[in-house]
Each structure stands twice: as C-alpha cells, then as structure tokens.
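Chemist: Below you'll find the structure I mean.
The values are calculated or read from the model by the stated rules, or taken from the named source; none is laboratory data. Because the structure is predicted, anything quoted here is derived from the model rather than measured. When we count neighbours, we look across all protein chains shown, and the Cβ atoms used for this are built from the backbone with ideal geometry, even at glycine. For accessibility, only protein heavy atoms count, side chains too; no ligands or nucleic acids. Shrake-Rupley method; radii C 1.70, N 1.55, O 1.52, S 1.80 Å.
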Amino acid sequence: MTEEKKEMDLMVLLEEKRVFKPSEEFVKQTNVKKWMDEHNIKDYDELLKKSGDNPEQFWDERAKDLSSLNGYSKVMEWNPPYVKWFVGAKYNIVNDALDRHVTDGKKDKIAYIFEGEHGDVRKLTYNDLYIEVNKLANALKNLGVKKGDRISIYLPMIPELPIAMLACAKIGAIHSVVFSGFSALAFRNRVNDCESKIVITCDGFYRKGKIVDLKKQADEALENAPTVENVIVYKRTGNEVGWNEKDHWWHEIVKDMPETCETEKIDANDPLYILYTSGTTGKPKGIMHAHGGYSVGTASTLNWVFDLKENDVWWCAADIGWVTGHSYIVYGPLILGVTSVMYEGAPDYPAPDRWWSIVEKYKVSVLYTSPTAIRLFMRHGEEWVEKHDLSSLRLLGSVGEPINPEAWMWYYKYIGREKCQIMDTWWQTETGSFVISPLPITPLKPGSATKPLPGFRAEVYNEGGNPILNAGGNLVLLNPWPGMLRGLYKAPDKYMETYWKKFPDTYLAGDVARKDDDGYFWVQGRADDVLNVSGHRIGNSEVESALVSHPKTAEAAVIGKPHKVKGESLIAFVVLKEGIEPNDELRIELRDHVGKEIGKIARPDEIWFVNDVPKTRSGKIMRRVIRAKAIGAPVGDISTLANPESVEEIGRAK
Ligand code: PRX
C-alpha cells in the first residue's frame, strides 16, 4: 500500500467517527464504573463534578481505598506554594508497594517479567522482590546510610533498578535515579547537586546488540564527586571493568544479609525521591516527591485510567530513568499489586517486531508508550505488527508529547485492532501522576488528552490570568493534588519563580493548551524554552551551554524543528571563535561533545555555522525569531534586535 493511500485510510476512519466511545459492556466492567456505582454516581460528568466540588474528601476516600495511610489529622494542608498531604500520618510507600503483598496473598504473584535485550528472561514474584529489597536495604544500612541521605542510582532497565529504589525508600533514604542514557558529566552534575553518599550502578547493559560500558561512565563521573563514599556495582554483563577503592560488588555485599529488614516508618510528607528534569536554564531542576501523597496519586490514577485488575499484564514501555517509569513501572503498579513487563533494550532490536513479540509472548493486556515509539513503528510498517497475535491487548496509552491524529489512528487501528480505547495522559515530572487524561469511560477525540481527572482542576489562562476557550493559552492547575512536587531541591526561589509567580497560588505548567467547547484540552507543546525530543524534556539552554563549553565555540542558539518521528529535532546555530574554520569534521566533533556533556538524546540533528545569532539589545538570544526563520514562518517585528541582519543569515543557513 502506498504511503498516501495508507494515510487516507486512516483519515477516513478518523472522519467517520470523530468521537470514539467505549462499548457499554466494557464500561460496565471498569474499576471506575464500579466505584461510581458504589458511590451512587450516575455518569462521567457527575463524577467530575462531585470530585471537583470536594477534592479533599475525594482523595481521602481514594487513600482509604488503595493505601494503608491512616492516623492523619488533615487530608491536605496548603500553604502556597507548599502542600502537605495526609498530615501527621506515619507511613512508608514500601509498605504499600511491597511488604503488605507478602502477607495479603500476593506473595507468589509475579511482580516483574523481565526480558533482556538478548532474550534472557527473569520472573520475580512479590516475595522475590521483597527479599532482594530487604537484603540490599540491610547492606545500605551497613554502609552507614541513614534516613534523609541521598543515593544516586545509575542503572539501565533491569530489575535491580526498582530493587535499588525500594531499598532506599525502605530505610528512609532519598533516591535520585539518573537515566542510564545520560553522559558521565550529566551524571556527575546530578550526583554533586544532591550530594549523594552512595552510587548504585552496574558493569554494563545491552543496547542494540552491544554492551554499553556504564561502569566506565560512572567512574569518569566519580572522579570529581567528593560526597560519594561507596559505590555498589551490579554485575549485569560480566564485561571487564575498572575497580576503585570505594567499589563493592552488589552480589558480595548482599550475600550474607538477612532476608528481612524493618521498613522505616517516617512522616508521610518526608521526601521519597529527587528526579532531575530540564528547565529553561542550563542547570537541571531537582524535583522532589514525598511518600504519602505520591503513593495515592500514582496508585489511584493507574487504577482508574488503565483499569488494572488482578489478571492484567501491564507494560509501561518507558525507562525508569524518567518520571513515567518511577510512577508507572515502579510505585503505581507495585502498590496495586499487578504484574508488569520490563524490557531492557531497543524497541526495534533485532527487528522492528520486538515489542509485538513481547506483547504476544506475555499476553500483555494494557500497553502504555509514547507517540515517538508509535511513529517509529508506523514508519517500519504494519507488516511487522501483523506477524503477531495482539488479541490480549484491551487498553492502550500514550504519554510524553502531543499525539498527532495520524499516529493515534495507526495505534488504534493496527495495535488496538479498533477495539482498544487510547488513554492519552498529560502530566509532568512535577505532577507525579496523570492530571489530564481520559478514563476508560471517556469519549475520546484523537489528539486530545480530554479532561482533568477526578480530583484535579485545570484551566487555560490568558496572559491576564482569565480562563479562555478555543484559543491557545497557559495551562494551569488550580488545586494542589496528592502527587504534586514538594519543591526543587535546594532551590526554593527557583521553585517560586518557575511555577507560582505568573499567576498567584496557581500552578503554571509551562505548556500551551487550548480548551474546546466540550471542555476537552488540546496540549500543543511547551510555552517556555524547553524542547520535547522523543517525549523527553531538553532545555534549549542546556544544549547551548554544552556547545559553548567546546573550546572552538563562541556562541550557540538551539531551537526545535518539527520532526516526523521524534516530535521535535534539535537544530543548533553556532558562532565559532575567531580564526576557527567551519567544516563537517567540526560538526561531528560538536555533536559528540554534546553527547559527552549531556547524553546522546541531546545531540543536535543539524549544526549550522553562522557569524552571529539574533539577540536583543540586552544580549538575550531570540530563539523565537531564529525558529520562525528556520522553519520558514513569519518572524514578526525584528526592529528592536541589536543585530537584525543576523536573521537573514539564519535564513540562508537553512
Ligand atoms: O509538554 C508536556 C509534555 O511533556 C512535558 C512533561 O515532560 P516530563 O516532565 O519529562 O514528563 C513526561 C512524562 C510525563 C509536559 O509539560 N507532555 C507530557 N504528556 C503529554 C505531553 N504533551 C501532550 N500530551 C501529552 N499526553
């Protein structure tokens, strides 16, 4: 079938049924419908209204349904911009995610089905996980780890990653996971920012058939990380690694450890983790989440949106190095006691049907992924999908970036076989859990994440802070919610400035969105200088700083350009230092340099050498103008620029 014909078929389907409604039969069996029946709520609109009228009561009920939180004197305490949930409760998320399952009949249930890239399979029951976590927690205690200590985790997608996170949380330590695709330098900056006492890493992992030598990167990072006292190294690949005084093999330090370990009861508002995310400045922000609210936020949203039940096999195909994995591979699913699939490697290795073979083999019933992955598979063609029996799938999900209707339709038609609703979930590292998302009972409009979930309130504000309809504006959240971030690590001013200053006591998401007449939200992208590449946030200024740190670069401006698969691709305009010759080798050198400074995902797709970049008279780089020029859109008024002639050069470079 030709590309045009295929696209036309998908669009015909889209035209025919603009709103996709779930079947009544399906609705009847959902967790949310059952809850509504128990609470005498007749439909979706009434559910939104009732939960919106009294969110505290709503979250109190959800906490009682899903967690062991108790003894709190207040459900919520709001001292803008800081919130506390379940005030006064003694709690630990690990009790709900793990300990209770060992006694509540889920001991032998599989928590994770792990498949390595080269086909090795491990199945860990809740009891297996419990024992591994306890042993590592005891080993951490032996190394002197105390409540509140920070531990940086630099691990790939292997079961030891959730084990390490849970072991930290169990003893009240704060974990800070760093995506294994980040470079040594990016890892070092994050370790130093939160002053970690311990690092947990591994020798290597498999990616596209090769071993990635992670220990080498960790070693490079730790050459200058003065707070780190000990390094725990898991043996995954058995490749040769360098060895330092502070290093301990994971298997050796856990060998003689007891299989039980007391779970530290801490305050429900004590920090659980720090996760770094890109912002508008070169330095990533350390988003903090706490035990109590986060547990209710993740478990409740997962239970309703993806409707997980006892026999489901859940596959959130993200990496735990990002918030999606934290909330929906680790904490949410474990609290609900479901079985999850975890896959180590590249989606198209050794062939583009790897994912579909996994779905078929483990009878995955609910799949959650990103538009970038969907577009990648779409490009490979449906013949790879059609080789496999995907009839186990009953619900699908999408996250990380706006999903274009074509990708939505392809996902619906070829993966969902026109039987599965698609949950397009809008949320952020900061929100901890889904915020704007359909429930399985919600009529869908492809490309819209639909409405705020029960218990959340969102709006689109114009610059004056008034709600607007049918026009792009600032996406804001009006009430605190349980999974809300608790601040930025050691950066209270930045916290205030980034999220709470523009509209008082109102959370500014940093996205542009539109709300339509039916109250459906259409998120269009970032409002600030943050790019979304393959569903991952990358700050323009982060890449610019990396480019400028190269000895041959004087100045750099980085913009995003629409890309068929990745959503956005990175384009850099670079001004070289006096006397440096621009050439292709230097392009490669600069790309590699960014890879080293940040990680492969941040390498610009295109680098253009220019004499100057458009700036205001105060010296601020005008990315908006550069972007418009680069994609051929109107640049607007440029008379106030310090160097308007540079705009023409941008046009010629492209
Ligand atoms: O711009 C929005 C986009 O991803 C940003 C959050 O990125 P991060 O904190 O890395 O978390 C990604 C996974 C939750 C948002 O500000 N985004 C996320 N989900 C969607 C989305 N944009 C449109 N539709 C979505 N469903």
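Chemist: Mind listing the long-range amide H neighbours of Tyr507? Cut-off is under 5 Å, sequence gap 5 or more, other chains count too, H placed in the peptide plane at 1.01 Å from N.
Modeler: Amide H neighbours of Tyr507, under 5 Å, 5+ apart: Leu477.
Chemist: Same structure again: Label Asp37 and Ser73 with points 7 Å out from Cα along Cα→Cβ: what is the distance between them in nm?
Modeler: Once both label points are built, they end up 4.1 nm from each other.
Chemist: Longer than 20 Å from Cα to Cα, which of Lys106/Lys309; Lys283/Lys620; Lys215/Lys552; Lys285/Lys490 are they? Say none if no pair is. The partial results should precede the final answer.
Modeler: Numbers: Lys106/Lys309 13 Å; Lys283/Lys620 17 Å; Lys215/Lys552 30 Å; Lys285/Lys490 9 Å.
From the list (Lys106/Lys309; Lys283/Lys620; Lys215/Lys552; Lys285/Lys490), the Cα-Cα distance tops 20 Å for Lys215/Lys552.
Chemist: Arrange the residues Val19, Val254, Val512 by how much accessible surface each exposes, largest first, with a 1.4 angstrom probe.
Modeler: Order by accessible area, largest first: Val19, Val512, Val254.
Chemist: Please give the FRET efficiency for Lys577 paired with Glu245, using the beta carbon to beta carbon distance and R0 = 56 Å, rounded to the nearest 0.05.
Modeler: Rounded to the nearest 0.05, the efficiency is 0.90.
Chemist: Another question, then. So which of Lys64/Lys146; Lys64/Lys494; Lys141/Lys596; Lys123/Lys255; Lys21/Lys361 end up more than 23 Å apart by C-alpha?
Modeler: Details: Lys64/Lys146 30 Å; Lys64/Lys494 35 Å; Lys141/Lys596 34 Å; Lys123/Lys255 20 Å; Lys21/Lys361 29 Å.
Over 23 Å apart, Cα to Cα: Lys64/Lys146; Lys64/Lys494; Lys141/Lys596; Lys21/Lys361.
Chemist: Return one whole number: the accessible area per residue of the chain in Å², for a 1.4 Å probe.
Modeler: Normalised by residue count, the accessible surface of the chain is 39 Å².
Chemist: What stretch of the chain, leaving out the sites themselves, is the longest with no GluC sites (Glu not before Pro) in a DSSP loop having at most 13 other Cβ atoms within 10 Å?
Modeler: Maximal segment without exposed cleavage sites: 1-222.
Chemist: Now for a different question. Under 18 Å from a point 7 Å along the Cα-to-Cβ line of Lys502: which residues of segment 456-470 have their amide N that close?
Modeler: The answer is 457-470.
Chemist: Next question. For Asn466 and Glu56, what does the FRET efficiency come to when R0 = 22 Å and r is the distance between their Cβ atoms, rounded to the nearest 0.05?
Modeler: Calculated value: 0.25.
Chemist: How much of the accessible area of segment 97-264, in percent, comes from carbon and sulfur atoms when a 1.4 Å probe is used?
Modeler: The nonpolar share, carbon plus sulfur, comes to 44 percent.
Chemist: Please compute the modelled spin-label separation between Ser639 and Lys107, points set 7 Å along Cα→Cβ, answer in nm with one decimal.
Modeler: It works out to 8.0 nm between the two label points.
Chemist: Could you give the nm distance between label points at Ser23 and Lys49, where each point is 7 Å from its Cα heading toward the beta carbon?
Modeler: Inter-label distance under the simple model: 3.0 nm.
Chemist: So, one more: Given the whole protein assembly as supplied and a 1.4 Å probe, what does the accessible area of Ser300 come to in Å², nearest 10?
Modeler: 0 Å²
Chemist: Please report the carbon-and-sulfur percent of the accessible area for segment 534-653; probe 1.4 Å, protein heavy atoms only, DNA, RNA and ligands left out.
Modeler: Of the solvent-accessible surface of segment 534-653, carbon and sulfur hold 51 percent.
Chemist: Also, quick follow-up: Taking a probe of 1.4 angstrom, what is the accessible area of Met288 in Å², to the nearest 10?
Modeler: It works out to around 40 Å².
Chemist: Ok, one more. Under a 5 Å amide H to amide H cut-off, with H placed in plane at 1.01 Å, what residues pair with Gly539 once short-range neighbours are removed?
Modeler: Those lying under 5 Å, H to H, from Gly539 are Gly279, Leu531.
Chemist: Taking 0.36 nm per residue of sequence separation and subtracting the Cα-Cα distance, how much length would be gained by fully extending the chain between Lys123 and Arg379, in nm to one decimal?
Modeler: Taking Lys123 through Arg379 to full extension adds about 88.9 nm, to one decimal.
Chemist: Return the sequence-ordered ³J(HN,Hα) values of segment 236-245 in whole Hz as given by the Karplus equation 6.51 cos²θ - 1.76 cosθ + 1.60 applied to θ = phi - 60°, using x for Gly and Pro.
Modeler: Working through the residues one at a time gives 9, 10, x, 6, 5, 10, x, 10, 10, 4 Hz.
Chemist: Protein chains only, probe 1.4 Å: how do Asp319, Asp53 rank by accessible area, largest first? Walk me through the intermediate numbers first.
Modeler: Numbers: Asp319 30, Asp53 105 Å².
The most accessible residue leads, giving Asp53, Asp319.
Chemist: Can you list the residues, at least 5 places off or on another chain, whose amide H is less than 5 Å from the amide H of Thr237, using H built in the peptide plane?
Modeler: So Thr237 has HN proximity to Asp203, Gly204.
Chemist: If I model the chain as equal point scatterers sitting on the Cα atoms and use the Debye formula, what is log10 I(q)/I(0) at q = 0.06, 0.07, 0.08, 0.10 Å⁻¹?
Modeler: These q points yield log10 I(q)/I(0) values of -0.32, -0.44, -0.58, -0.95.
Chemist: Now, a different point. Whole-Hz Karplus ³J(HN,Hα) for segment 442-452, in order, using 6.51 cos²θ - 1.76 cosθ + 1.60 and θ = phi - 60°, x for Gly and Pro?
Modeler: Result, ordered by residue: 7, x, 9, 10, x, x, 10, 7, 6, 10, x Hz.
Chemist: Work out how much length Ala527 to Lys552 would gain on full extension: take 0.36 nm times their residue separation and subtract the Cα-Cα distance, in nm to one decimal.
Modeler: 5.9 nm
Chemist: Out of segment 324-367, which trypsin sites (Lys or Arg not before Pro) are coil in DSSP terms and have no more than 16 other C-beta atoms within 10 Å?
Modeler: Sites meeting the loop and neighbour criteria: Lys363.
Chemist: How long are the three semi-axes of the equivalent ellipsoid for segment 34-112, computed from the Cα gyration tensor as the root of 5 times each eigenvalue, in whole Å, largest first?
Modeler: Over the Cα atoms of segment 34-112, the ellipsoid semi-axes are 26, 21, 10 Å.
Chemist: Which FRET efficiency value, to the nearest 0.05, is calculated for Arg624 and Tyr349 with the Förster distance at 35 angstrom and r the Cβ-Cβ distance?
Modeler: E between Arg624 and Tyr349, to the nearest 0.05, is 0.35.
Chemist: Let me ask you something else. With θ set to phi - 60° and the Karplus curve 6.51 cos²θ - 1.76 cosθ + 1.60, what are the ³J(HN,Hα) couplings of segment 467-481 in order, to the nearest whole Hz, using x for Gly and Pro?
Modeler: Using θ = phi - 60°, the values come out as x, 10, 10, 6, 8, x, x, 7, 6, 10, 10, 9, 10, x, 10 Hz.
Chemist: Now for a separate question. Counting only the heavy atoms of the protein chains, how much of Asp592 is accessible to a 1.4 Å probe, in Å² to the nearest 10?
Modeler: 80 Å²
Chemist: Further question: With unit charges on the beta carbons (Lys and Arg positive, Asp and Glu negative) and the dipole taken about the Cα centre of the chain, which residue among Val543, Val435, Gly71 sits farthest to the positive side?
Modeler: Gly71
Chemist: Additional query: Let me make sure I get this right: for segment 101-207, a, b and c are the square roots of the gyration tensor eigenvalues over alpha carbons, sorted descending. Under 1.5 in a/c it's rounded, otherwise prolate if a/b > b/c, else oblate. Which is it?
Modeler: Cα axes put segment 101-207 in the oblate bin.
Chemist: Shifting gears a bit: Classify segment 524-593 as rounded, prolate or oblate from the Cα gyration tensor: take a ≥ b ≥ c as the square roots of its eigenvalues, call it rounded if a/c is under 1.5, otherwise prolate when a/b beats b/c and oblate if not.
Modeler: Numbers: a/c = 2.68, a/b = 1.95, b/c = 1.37.
Verdict is prolate for segment 524-593.
Chemist: With just the Cα atoms defining each centre, how far is segment 399-460 from segment 463-500? Give it in Å.
Modeler: 21 Å
Chemist: Taking a ≥ b ≥ c as the square roots of the Cα gyration tensor eigenvalues, with a/c under 1.5 meaning rounded and otherwise prolate when a/b beats b/c, else oblate, which class fits segment 534-653?
Modeler: Numbers: a/c = 1.73, a/b = 1.19, b/c = 1.45.
Verdict is oblate for segment 534-653.
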